[in-house]
Structures are given as structure tokens and as C-alpha cells.
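I have placed the structure first, in the form of C-alpha cells, so that the comments after it can refer back to it.
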């Protein structure tokens, strides 16, 4: 079936450190891939997305590349800030998920220390 | 960008009462709305998909008589938790898919409603 697996957290980093959150997926067909961010007590915000293989999504210094050969969509940021502390969800969506339902990973909590 | 609102943002109710949560697309029409439930420190679990003017499609294991969904217009969907119990306490999030022709499959999420049942 369709699923998303992302690295377990929490991830704790010092400010200005490099961030990688791994995400791999299983899907039939060609889904669109997403990263969402959830700040404490809030709903989800779209961080970035990629709709086809080799596309790179980027936003606010974060980026992720749609790798079909490794079925991955790892999230990276070169220098994290305290304000990046949040939960990050990798997700996929497409016709194969039936009516464009979104399949979410378990989420990875990021703590950034000053 | 497209905005989805939810009301109320927080609600506390007594066990046995019913609670209605509204989800509105503020600046676009939504053919489809989705309702999710999120337990503390866990991911979002899809509860149901609702299309305007038709019955909602519930995911396996979700009681349709417990969680009533109405999608009466292209900008409003409601989730009613009937006879709520403490185990229904959770964070409920809706999302809406644009009805625009050629829409890019984007969905927009509401800010969530935290339900606490005493």
C-alpha cells in the first residue's frame, strides 16, 4: 500500500547546525510529495512540495529533492534557528491514494537550542 | 494564499454532550474537505472525506454515527462529535481541496480544534 516513513525524533540541534530529516515512501504510481510543519498548538502549514521526480522543493532555507530511484524526499536546512523548532511531517498525495487523500508520516519533532 | 478556518479553536465539554466543529474555506470553493484527528505527539489520522452535497466517506474504524459530517456548501463542512466521551478528546484538523479547474492538487489545512471532554 501507500505509506510514508520518516526518521524518529526528537532531533535536538544547536542553532546554526545542519539539519537532515529522512523520509522514504512507498506508493504505486507517481505521487506528489510534501513537507508540512506544525508549530506548537497550531495546525499544519505547507513547507515545500515536489510533484515529479528530480524536482526540488524549497522554502525558508529548507529544501528536499524528489528521488524516485531511492523513493526518498529528505528534508535539509543548512543552518537551523531556534524558531525552526516544530514537528515536521513528510506526506504524499496523488490519485493512487484514492480521491487525493494525504498520507502522512509519523512526524519528527525538532528542538533547536540557542 | 488560500485560507481555511476552524471554529471553535478550543472547546471543553461534559461527557455525553455533542460538539460541532466548523471548517470554512474563506477565499476559495472546496469540492472536497477532509477531517483528521491527531493524538498528542502522533501523526494525523484521516477520519473521513466529504464532498459537497454527498455523504462523507469514512475511513475504516471510524464510527460514522459518532462523527457526523455535513458538507452543505462549497465553503463549509461541519464535524459533530455526538455523545462525546473523554476518549474523544483530541486535536481535530480539517483540510480543503480547491474546486478550481486545473487545480494543482493542493490542499489547505485549518488551524485545528482542540476538544477536551471532561
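What follows is calculated from the coordinates using simple rules that are stated; it is not laboratory data. Just so you know, these numbers come straight off a predicted model, no measurement behind them. Glycine gets a Cβ as well: all are built from the backbone with ideal geometry, and neighbour counts include every protein chain shown.
Before moving on, here are some points about what is shown:
- The range B:22-56 residues near the modelled residue B:87 label - backbone nitrogen below 17 Å, point 7 Å along Cα→Cβ: B:37-40
- For A:104, B:34, the sequence from fewest to most other C-beta atoms within 10 Å is A:104, B:34.
- Taking the convex hull of the alpha carbon positions in chain B and averaging its projected area over all directions gives 7.1 nm².
- Measuring r between the beta carbons of residue A:82 and residue A:22 and using R0 = 22 Å, the FRET efficiency lands at 0.45.
- Sites residue B:41 and residue B:72, calculated FRET efficiency, Cβ-Cβ separation with R0 30 Å, nearest 0.05: 0.30
- For the residues B:66, B:41, B:55, a GNM of chain B with alpha-carbon springs under 10 Å puts the largest fluctuation on B:41.
- Contour excess over end-to-end distance, with Cα ends at residue A:113 and residue A:58 and 0.36 nm allotted per residue: 17.5 nm
- Going from the residue with the fewest nearby Cβ atoms within 10 Å to the one with the most, B:44, B:79 rank B:79, B:44.
- Packing-based exposure ordering (other Cβ within 10 Å, fewest first) of B:7, A:74, B:85: B:85, B:7, A:74
- Per-selection Rg to Rh, chain A - Cα, Kirkwood hydrodynamic radius: 0.96
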